[in-house]
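One structure is given below, encoded as C-alpha coordinates.
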Amino acid sequence: SQQGEEDPQALSIQEGENATMNCSYKTSINNLQWYRQNSGRGLVHLILIRSNEREKHSGRLRVTLDTSKKSSSLLITASRAADTASYFCATDAPNTGGFKTIFGAGTRLFVKA
Amino acid sequence: GAGVSQTPSNKVTEKGKYVELRCDPISGHTALYWYRQSLGQGPEFLIYFQGTGAADDSGLPNDRFFAVRPEGSVSTLKIQRTERGDSAVYLCASSPTGGIAGSSYNEQFFGPGTRLTVL
(Lines give C-alpha, C1' and ligand atoms only; values in the text may rest on other atoms or scores of the structure.)
Protein backbone atom coordinates (compact mmCIF):
# COMPACT_ATOMS: atom_id res chain seq x y z
CA SER A 1 0.00 0.00 0.00
CA GLN A 2 1.15 3.55 -0.59
CA GLN A 3 0.44 6.29 1.90
CA GLY A 4 1.42 9.27 -0.23
CA GLU A 5 -0.29 10.27 -3.42
CA GLU A 6 1.27 12.85 -5.71
CA ASP A 7 -0.56 15.28 -7.91
CA PRO A 8 -0.28 15.81 -10.82
CA GLN A 9 0.83 12.44 -12.16
CA ALA A 10 2.74 14.20 -14.93
CA LEU A 11 3.84 17.78 -15.55
CA SER A 12 5.45 19.36 -18.59
CA ILE A 13 6.90 22.88 -18.38
CA GLN A 14 9.36 25.16 -20.15
CA GLU A 15 12.83 25.75 -18.80
CA GLY A 16 12.82 28.72 -16.42
CA GLU A 17 9.27 28.14 -15.23
CA ASN A 18 8.38 27.01 -11.73
CA ALA A 19 7.11 23.48 -11.08
CA THR A 20 4.76 22.65 -8.23
CA MET A 21 3.98 19.12 -7.14
CA ASN A 22 1.60 18.12 -4.38
CA CYS A 23 1.46 15.15 -2.07
CA SER A 24 -1.36 13.95 0.16
CA TYR A 25 -1.09 11.29 2.82
CA LYS A 26 -3.52 9.43 5.01
CA THR A 27 -2.21 9.05 8.55
CA SER A 28 -0.20 11.10 11.02
CA ILE A 29 3.50 11.33 10.31
CA ASN A 30 6.76 12.29 11.99
CA ASN A 31 8.58 13.30 8.80
CA LEU A 32 7.88 13.79 5.13
CA GLN A 33 10.57 13.58 2.51
CA TRP A 34 10.88 14.29 -1.18
CA TYR A 35 13.03 12.18 -3.48
CA ARG A 36 13.99 12.51 -7.13
CA GLN A 37 14.57 9.62 -9.51
CA ASN A 38 16.04 9.72 -12.97
CA SER A 39 17.76 7.14 -15.10
CA GLY A 40 21.17 8.66 -14.58
CA ARG A 41 21.36 8.95 -10.82
CA GLY A 42 18.74 6.63 -9.43
CA LEU A 43 16.74 7.64 -6.35
CA VAL A 44 18.16 10.64 -4.52
CA HIS A 45 16.97 12.26 -1.29
CA LEU A 46 16.13 15.96 -1.78
CA ILE A 47 14.72 17.33 1.43
CA LEU A 48 13.07 16.32 4.69
CA ILE A 49 10.47 18.30 6.59
CA ARG A 50 9.42 17.38 10.11
CA SER A 51 5.83 17.35 11.28
CA ASN A 52 6.40 20.46 13.43
CA GLU A 53 7.78 22.45 10.47
CA ARG A 54 5.65 24.31 7.95
CA GLU A 55 8.17 25.31 5.31
CA LYS A 56 11.70 24.45 4.33
CA HIS A 57 14.07 25.65 1.63
CA SER A 58 17.05 24.07 -0.05
CA GLY A 59 18.52 25.90 -3.04
CA ARG A 60 15.79 26.09 -5.69
CA LEU A 61 13.53 23.78 -3.70
CA ARG A 62 10.77 24.90 -1.38
CA VAL A 63 8.71 22.41 0.57
CA THR A 64 5.60 23.16 2.58
CA LEU A 65 3.73 20.90 4.97
CA ASP A 66 0.16 21.26 6.20
CA THR A 67 -0.48 18.55 8.77
CA SER A 68 -4.10 19.63 9.24
CA LYS A 69 -4.76 18.85 5.57
CA LYS A 70 -2.25 15.99 5.47
CA SER A 71 -0.59 17.50 2.44
CA SER A 72 2.77 18.77 1.24
CA SER A 73 3.99 20.62 -1.81
CA LEU A 74 7.33 20.75 -3.57
CA LEU A 75 8.15 23.86 -5.56
CA ILE A 76 11.10 23.91 -7.94
CA THR A 77 11.90 27.44 -9.03
CA ALA A 78 13.60 28.42 -12.29
CA SER A 79 13.46 24.86 -13.58
CA ARG A 80 16.19 23.42 -15.78
CA ALA A 81 16.18 20.59 -18.28
CA ALA A 82 18.26 18.62 -15.78
CA ASP A 83 15.31 18.72 -13.35
CA THR A 84 13.48 16.29 -15.65
CA ALA A 85 12.80 13.30 -13.41
CA SER A 86 10.17 11.59 -11.28
CA TYR A 87 9.56 13.12 -7.88
CA PHE A 88 8.25 11.10 -4.95
CA CYS A 89 7.03 12.07 -1.53
CA ALA A 90 7.68 9.59 1.24
CA THR A 91 6.37 9.40 4.76
CA ASP A 92 7.25 7.29 7.74
CA ALA A 93 4.70 4.56 8.30
CA PRO A 94 2.70 5.02 11.51
CA ASN A 95 3.70 3.13 14.64
CA THR A 96 6.99 1.90 13.18
CA GLY A 97 9.48 4.08 15.01
CA GLY A 98 10.10 6.25 11.96
CA PHE A 99 12.27 3.87 9.94
CA LYS A 100 9.70 2.33 7.58
CA THR A 101 9.26 4.66 4.63
CA ILE A 102 6.17 4.64 2.42
CA PHE A 103 6.48 6.21 -1.03
CA GLY A 104 3.80 7.68 -3.24
CA ALA A 105 3.40 6.90 -6.94
CA GLY A 106 5.29 10.00 -8.02
CA THR A 107 4.98 12.98 -10.33
CA ARG A 108 6.79 12.78 -13.64
CA LEU A 109 8.25 16.18 -14.47
CA PHE A 110 9.46 17.03 -17.95
CA VAL A 111 11.30 20.32 -18.43
CA LYS A 112 11.61 21.39 -22.03
CA ALA A 113 14.72 23.31 -23.04
CA GLY B 1 33.46 7.13 -0.90
CA ALA B 2 31.61 4.32 -2.62
CA GLY B 3 27.84 4.36 -2.62
CA VAL B 4 25.41 1.49 -2.31
CA SER B 5 26.04 -1.13 -4.96
CA GLN B 6 23.73 -3.86 -6.18
CA THR B 7 24.44 -6.91 -8.27
CA PRO B 8 23.48 -8.01 -10.79
CA SER B 9 22.18 -4.89 -12.51
CA ASN B 10 19.88 -7.05 -14.62
CA LYS B 11 18.58 -10.55 -14.06
CA VAL B 12 16.41 -12.52 -16.45
CA THR B 13 15.05 -15.80 -15.21
CA GLU B 14 12.34 -18.28 -15.99
CA LYS B 15 9.18 -18.78 -14.02
CA GLY B 16 9.74 -21.16 -11.14
CA LYS B 17 13.46 -20.50 -10.77
CA TYR B 18 15.30 -19.26 -7.67
CA VAL B 19 17.14 -15.92 -7.69
CA GLU B 20 19.43 -14.05 -5.33
CA LEU B 21 19.94 -10.31 -5.43
CA ARG B 22 22.87 -8.76 -3.60
CA CYS B 23 23.28 -5.40 -1.90
CA ASP B 24 26.51 -3.86 -0.64
CA PRO B 25 25.64 -0.91 1.61
CA ILE B 26 27.79 2.08 2.37
CA SER B 27 30.52 1.05 4.80
CA GLY B 28 29.52 1.68 8.39
CA HIS B 29 25.80 2.02 7.72
CA THR B 30 23.90 -0.09 10.22
CA ALA B 31 20.47 0.14 8.62
CA LEU B 32 19.64 -1.54 5.31
CA TYR B 33 16.38 -1.49 3.40
CA TRP B 34 14.94 -3.43 0.47
CA TYR B 35 12.25 -1.99 -1.80
CA ARG B 36 10.52 -3.17 -4.94
CA GLN B 37 9.51 -0.75 -7.69
CA SER B 38 7.13 -1.60 -10.48
CA LEU B 39 6.88 0.46 -13.64
CA GLY B 40 5.18 3.79 -13.02
CA GLN B 41 5.01 3.29 -9.26
CA GLY B 42 6.98 4.43 -6.26
CA PRO B 43 9.26 2.11 -4.30
CA GLU B 44 7.38 -0.38 -2.14
CA PHE B 45 8.93 -1.25 1.23
CA LEU B 46 9.87 -4.91 1.64
CA ILE B 47 12.16 -5.32 4.65
CA TYR B 48 14.45 -3.36 6.96
CA PHE B 49 17.56 -4.56 8.82
CA GLN B 50 19.18 -2.97 11.80
CA GLY B 51 22.54 -4.72 11.99
CA THR B 52 22.11 -8.42 11.34
CA GLY B 53 18.49 -8.70 12.35
CA ALA B 54 15.38 -8.01 10.30
CA ALA B 55 13.66 -5.30 12.32
CA ASP B 56 10.60 -5.23 10.07
CA ASP B 57 9.78 -7.70 7.30
CA SER B 58 6.13 -6.78 7.02
CA GLY B 59 6.51 -5.71 3.39
CA LEU B 60 7.62 -9.09 2.07
CA PRO B 61 4.70 -10.18 -0.14
CA ASN B 62 4.76 -13.89 0.76
CA ASP B 63 6.99 -16.68 2.01
CA ARG B 64 8.73 -17.02 -1.34
CA PHE B 65 10.68 -13.90 -0.41
CA PHE B 66 13.45 -13.97 2.17
CA ALA B 67 16.37 -11.70 2.98
CA VAL B 68 19.49 -12.12 5.09
CA ARG B 69 22.29 -9.95 6.37
CA PRO B 70 24.49 -12.41 8.27
CA GLU B 71 27.39 -10.11 9.14
CA GLY B 72 25.54 -6.83 9.33
CA SER B 73 26.91 -5.55 6.05
CA VAL B 74 26.08 -7.23 2.71
CA SER B 75 22.49 -8.36 2.29
CA THR B 76 20.94 -10.89 -0.07
CA LEU B 77 17.30 -10.89 -1.13
CA LYS B 78 16.21 -14.39 -2.11
CA ILE B 79 13.15 -15.21 -4.19
CA GLN B 80 12.01 -18.81 -4.57
CA ARG B 81 9.76 -20.18 -7.31
CA THR B 82 9.72 -16.87 -9.14
CA GLU B 83 6.52 -15.73 -10.80
CA ARG B 84 6.00 -13.27 -13.65
CA GLY B 85 4.47 -10.84 -11.18
CA ASP B 86 7.82 -10.65 -9.37
CA SER B 87 9.26 -8.73 -12.32
CA ALA B 88 10.30 -5.29 -11.04
CA VAL B 89 13.31 -3.23 -10.05
CA TYR B 90 14.56 -4.20 -6.61
CA LEU B 91 16.17 -1.31 -4.77
CA CYS B 92 18.42 -1.42 -1.76
CA ALA B 93 19.17 1.52 0.52
CA SER B 94 21.30 2.06 3.60
CA SER B 95 21.49 4.69 6.31
CA PRO B 96 23.81 5.31 9.25
CA THR B 97 21.10 4.27 11.70
CA GLY B 98 17.43 3.57 11.51
CA GLY B 99 15.20 6.60 11.92
CA ILE B 100 13.75 7.13 15.34
CA ALA B 101 10.73 9.32 15.77
CA GLY B 102 11.64 12.64 17.33
CA SER B 103 15.40 12.22 16.85
CA SER B 104 17.75 13.14 14.04
CA TYR B 105 16.67 11.42 10.89
CA ASN B 106 19.22 9.49 8.89
CA GLU B 107 18.84 9.86 5.15
CA GLN B 108 18.57 6.70 3.07
CA PHE B 109 21.10 6.28 0.26
CA PHE B 110 19.82 4.16 -2.59
CA GLY B 111 21.63 1.80 -4.91
CA PRO B 112 21.00 1.68 -8.68
CA GLY B 113 18.73 -1.33 -8.35
CA THR B 114 18.49 -4.77 -9.91
CA ARG B 115 16.01 -5.15 -12.75
CA LEU B 116 14.44 -8.60 -12.43
CA THR B 117 12.54 -10.04 -15.36
CA VAL B 118 10.70 -13.31 -14.95
CA LEU B 119 9.75 -14.90 -18.25
**Study point:** Cα radius of gyration and Dmax for the protein assembly as shown (Å)
**Key:** 17.5, 50
Check your understanding: Amide H to amide H under 5 Å from A:THR84: which residues, 5+ apart in sequence or cross-chain, H placed 1.01 Å off N in plane?
Key -> A:VAL111
Check your understanding: Quick one: putting +1 on the C-beta of Lys and Arg, -1 on the C-beta of Asp and Glu, what dipole do you get for the stretch B:27-79 around its Cα centre, in Debye to the nearest 20?
Key -> 140
Check your understanding: Short version: ³J(HN,Hα) in whole Hz for each residue of the stretch B:79-84, in order, from phi by Karplus 6.51 cos²θ - 1.76 cosθ + 1.60 (θ = phi - 60°), x for Gly and Pro, what are they?
Key -> 10, 9, 6, 4, 10, 4
**Study point:** Within 10 Å of each Cβ in B:36-45, the average number of Cβ atoms from other chains
**Key:** 6
Review point. Taking H as built 1.01 Å from N, whose amide H comes closer than 5 Å to the amide H of B:ALA67, not counting residues under 5 places away?
Key: B:LYS78
Exercise for review: Whole number in Å², please: accessible area per residue of the stretch A:1-84, 1.4 Å probe, ligands, DNA and RNA not counted.
Suggested key: 52
Review point. In square angstrom, what is the accessible area per residue of the stretch B:24-114 with a 1.4 angstrom probe?
Key: 42
**Study point:** Dipole of the protein assembly as shown, positive direction: furthest Cα of A:ASN30, B:VAL89, B:PRO70, with charges on the beta-carbon
**Key:** B:VAL89
Check your understanding: What does the charge add up to near B:ARG69, with Lys and Arg as +1, Asp and Glu as -1, over the other residues with Cβ less than 14 Å from its Cβ?
Key -> -3
Revision key, fill the gap. Ignoring ligands and nucleic acids, chains A and B bury, in total, an accessible area (1.4 Å probe) to the nearest 100 Å² of about 1800
Practice item. Quick one: what are the phi-derived ³J(HN,Hα) couplings along the stretch B:86-95, Karplus 6.51/-1.76/1.60 with θ = phi - 60°, whole Hz, x for glycine and proline? Key: 7, 4, 4, 9, 9, 9, 10, 9, 9, 8
Review point. Hey, can you rank B:71-80, B:4-13, A:53-62 by average C-beta count inside 10 Å, highest first?
Key: B:71-80, B:4-13, A:53-62
Review point. What is chain B's relative contact order, in percent, from Cα pairs under 8 angstrom and six or more apart in sequence?
Key: 36
Review point. Dividing the alpha-carbon radius of gyration of chain A by 2.2 N^0.38 Å (N being the number of residues), what value is obtained?
Key: 1.01
Check your understanding: Rounded, prolate or oblate: which fits chain B, taking a ≥ b ≥ c as square roots of the Cα gyration tensor eigenvalues, rounded meaning a/c under 1.5, else prolate when a/b beats b/c?
Key -> prolate
Check your understanding: On the accessible surface of chain A, probed at 1.4 Å, how many percent belong to carbon and sulfur atoms?
Key -> 46
**Study point:** Amide hydrogen neighbours beyond the local backbone of A:GLY106, cut-off 5 Å, H modeled
**Key:** A:GLU6, A:CYS89
Check your understanding: Among residues other than B:VAL118 whose Cβ falls under 12 Å from its Cβ, what is the net charge (Lys/Arg +1, Asp/Glu -1)?
Key -> +4
Practice item. For peptide B:107-113, compute the average count of partner chain beta-carbon atoms within 10 Å of each residue's beta-carbon. Key: 5
Review point. Each residue of the stretch B:49-60 in order: what ³J(HN,Hα) in whole Hz does its phi give by Karplus 6.51 cos²θ - 1.76 cosθ + 1.60, θ = phi - 60°, with x for Gly and Pro?
Key: 10, 10, x, 8, x, 7, 6, 7, 10, 5, x, 5
Check your understanding: Which whole number gives the average, over all residues in B:49-59, of C-beta atoms from other chains lying within 10 Å of the residue C-beta?
Key -> 2
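The values are calculated or read from the model by the stated rules, or taken from the named source; none is laboratory data. Source: prediction; values computed, not measured. Cβ sites come from the backbone with ideal geometry, for glycine too, and all protein chains shown count toward neighbours. These area figures cover heavy atoms from the full protein model, side chains too; ligands, DNA and RNA do not enter into them. Shrake-Rupley method; radii C 1.70, N 1.55, O 1.52, S 1.80 Å.
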